[in-house]
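Only one structure is covered here, and it is reproduced in the block below.
A short reminder: the numbers here are calculations on the coordinates, not readings from a lab. In this text, all values refer to a predicted model and were calculated from it rather than measured experimentally. Here the Cβ positions follow ideal geometry from the backbone for every residue, glycine too, while neighbour counts run over all protein chains shown.
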Amino acid sequence: MSEEPLVSIGIPTYNRPAGLRQILNCITTQTYQNLEIIISDNASPDLKVENVACEFTSRDSRIQYYKQKENKGAEFNFKFVLQQAHGEYFLWAADDDLWEPDILSSMVGCTIENPDLVFVGGNYGSINYITGEKIAGLSPELKVENSLYKNCLNLINLPTSSLIYFLFRRDILIKTKFIRQQAFDFADLFVLYEVALKGKMLTLPKLLYWAGITEEVRVDKSFGKKLKWLRFNYSQYYIKSLGLFFKTDRLSAAQKLCLIQALNRQMAILVRHHETKNLGSTIMFVLTSTVKLINWALSFALGILDILRIS
């Protein structure tokens, strides 16, 4: 491996000239310099976006700027920047985020020490540009020495969508279902599980970037079709995650059942967090009780597996 591998950074942007300038300033002044920077402008009506992009491309040859002829949606834009990338490693950068100046050197340094790493992340925070409020976030503990199962379990137990904005091995990321299929709600979490079952992962304990919020109250956006009375469609995420765990040959039967138990608990928490107002307390009680019953049955199955293994 080269001592300084090429890192591709994809910036899907739309109508945020000030935010684009901010993140480009963060990226172009990084202590790690071997970069390929790809901007995809999703047909922004504000011409200042193009002006900012052209200003930076004129003075930095590492930057490529693409302006789409029509707005093809956020999903297209995210996939497009990855498909244009050539680096050994890749990460997305949002046009409303703030990076620490050593975010790249911190993560790339870990891959040089541990070439088997397929993902490196860290802690993050959120900054609300309307209210000025800053909140530090916490990422799941992923370690090089952990098994694939342990890292995947930690990702399920502390679901953290913001991890999608950290460093991936590009050849692993581009083969995930997010790239090959239509996006769905919580697809970012699913991608992390796919990557976790491909190789070693690591999260650093330091805060590496601030996720920008441009509304007074953060609005969670939904992908794809959903039921009228739910904010999100949980079914595709749940079914695809079950399929991923069942089909992999990198986990034992007992580990698969444990991951499914964790996924069931996570689903109950996600639904309770997002849907209590829509579903009401009675339905939420039934849902929670059903999850407990299913997980009890899975625990029974795990006990049977233990008995069979001992005998």
(message) If you average the C-alpha positions of the range 236-250 and of the range 68-105 separately, how far apart do those two centres end up, in angstrom?
(response) 27
(request) Pull out the extension gain between residue 57 and residue 28, defined as 0.36 nm times the separation in residues minus the alpha carbon to alpha carbon distance; nm, one decimal. (result) 9.4 nm
(request) Report the equivalent ellipsoid semi-axes for the range 1-70 in whole Å, largest first, defined as the square roots of five times the eigenvalues of the gyration tensor built from alpha carbon atoms. (result) 23, 12, 9
(message) So, R0 is 41 Å and r is the distance between the beta-carbons of residue 70 and residue 177; what FRET efficiency does that work out to, to 0.05?
(response) 0.95
(request) For a quick protection proxy, order the peptides 66-72, 37-43, 244-250, 232-238 by their average other-Cβ count within 10 Å, most packed first. (result) 37-43, 232-238, 244-250, 66-72
(message) Among 184-193, 155-164, how do they line up by average Cβ neighbours within 10 Å per residue, starting with the highest?
(response) 184-193, 155-164
